[in-house]
Amino acid sequence: MKRVYNFSAGPSMLPLDVLEEAQRDLLNYDNSGMSITEMSHRTKTFDKVIVEAESLLRELMGIPEDYYVLFVQGGASQQFAAVPLNLCGKNNKADYIVSGNFANKAYQEGQIVGIDAHVAASSKADVYKYIPTDLNVREDAAFLHITSNNTIFGTRYTEFPNVNIPLVADMSSDILSREIDVTKFGVIYAGAQKNIAPAGLTIVIAKKSLVDDSENVVKGTPTMLRWDTQAKNGSLYNTPPCFPIYMALLVFRRIKALGGVKAMEIINERKAKKLYDFLDNSKLFKATANKKDRSIMNVCFVTGSDELDAKFVKEAGENGFCSLKGHRLVGGMRASIYNAMPEEGVDKLIEFMAKFEKENA
Ligand SMILES: *Cc1c(COP(=O)(O)O)cnc(C)c1O
């Protein structure tokens, strides 16, 4: 069996041992004689899965008791609407830091659902090369929304903004990749398909005091978009994404076995540093994000020539380094090196890049 080094930004690679375990379990999960995908979500067997998944996530991220952990569907994009709908019932104002394309979409969705959405800072004019720090946050806004890691442009927050209103973070592309202090946030949400599980699962971590106050919910919000619907029902109001939740459980167990989020962070920092060090010393390749804001999950780079970029992506693919083409908004290349990318994959990619550089100097 040939597995490639898959640098896809999402859905992205999953750990091989997790895939193998899922494969072994597929026909007969936990002696039930059926797979987890064929089973009612009201069974004891599935209940064990979702309960352990929540408890492990709490342990791994240090999520305190006064936060809900919700397993929902609809992707991070659906949370772009759910966030203002669940928080702006009493206060129509919300502020956004526009640090990338997804951040901008979150801001635009705020406008679509009819709140007074305000840009507190933006790096859009500079093609999102950096994390804007010059903030104009309204003290009376219901929340400040940020994107902790900008998947398309390869930047990330190293220090989160310190504000007196609830901080809401889209952590889709860096959840569980580094330690964070959950108590700094009112709400954290993430689509699972980058660092956790197959697509279809979205995780929402929300302060109970925000969710339990039903006046925070905008009138007319559909049942399925309300966080309290899932909070009151242990994420089982309706059929949850059973298989991705099961896969998330396997991934959480693996992270714990490897030493937890801190251990992942150390490996991730090392992988990213190797790649950036190579780029900084290369005569052909150049990293595009501002140095101090560089993401350790998505490494964006260019050669300076569209033809050479295309040649590189093609030859890399032929040599087992897949999905290195940059997002259509930026071009060039992007190596997404999430938790599941082994360090060896980064080492081999660097070797290949050095060879390509020599041949195309
Ligand atoms: C991938 C991604 C999204 C979009 O997620 P969906 O689950 O496809 O809606 C949103 N925000 C960030 C930061 C992402 O990386």
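The values are calculated or read from the model by the stated rules, or taken from the named source; none is laboratory data. Quick caveat: nothing in here was measured; it's all calculated off a predicted structure. We place every Cβ from the backbone using ideal geometry, glycine too, and count neighbours over all the protein chains shown. When the accessible area is computed, the model is the full protein with side chains, heavy atoms only, and any ligands, DNA or RNA have been set aside. Shrake-Rupley method; radii C 1.70, N 1.55, O 1.52, S 1.80 Å.
For the reader, a short list of remarks on this structure follows.
- Restricting attention to the stretch 157-172, the residues that are closer than 27 Å to residue 126 by Cβ and surrounded by fewer than 24 Cβ atoms within 10 Å (Cβ to Cβ) add up to 9.
- When the stretch 83-114 is limited to residues that are open to solvent by 20 Å² or more (accessible area, probe 1.4 Å) and not in a helix (DSSP H, G or I), the one that is nearest to residue 151 (Cα to Cα) turns out to be 113.
- Close pairs (8 angstrom Cβ cut-off, 6 or more residues apart or separate chains): closer than 15 Å to residue 152 by Cα in the stretch 102-114, within 14 Å of the ligand (Cβ to nearest atom) and open to solvent by 40 Å² or more (accessible area, probe 1.4 Å) anywhere: 105/77
- Meets criteria (within 16 Å of the ligand (Cβ to nearest atom) and free of Cβ contacts under 8 Å to residues at least 40 places away in the same chain) for residue 99: no
- Enumeration of residues in the stretch 173-205 that are charged (D, E, K, R) and either crowded, with 24+ Cβ neighbours inside 10 Å or under 23 Å from residue 246 (Cβ atoms) (or both): 174, 194
The rows are residues; the columns are (1) assigned to a strand (DSSP E or B); (2) within 11 Å of the ligand (Cβ to nearest atom).
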| residue | (1), (2) |
| --- | --- |
| 118 | yes, no |
| 178 | no, no |
| 193 | no, yes |
| 204 | yes, no |
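- Close pairs (9 angstrom Cβ cut-off, 6 or more residues apart or separate chains): in contact (Cβ under 8 Å) with a residue 12 or more places away in the chain and over 17 Å from residue 250 (Cβ atoms) in the stretch 38-51, assigned to a helix (DSSP H, G or I) and open to solvent by 40 Å² or more (accessible area, probe 1.4 Å) anywhere: 41/47
- Answer residue from the stretch 7-57, given it is within 16 Å of the ligand (Cβ to nearest atom) and at negative phi and is surrounded by the most Cβ atoms within 10 Å (Cβ to Cβ) among those: 7
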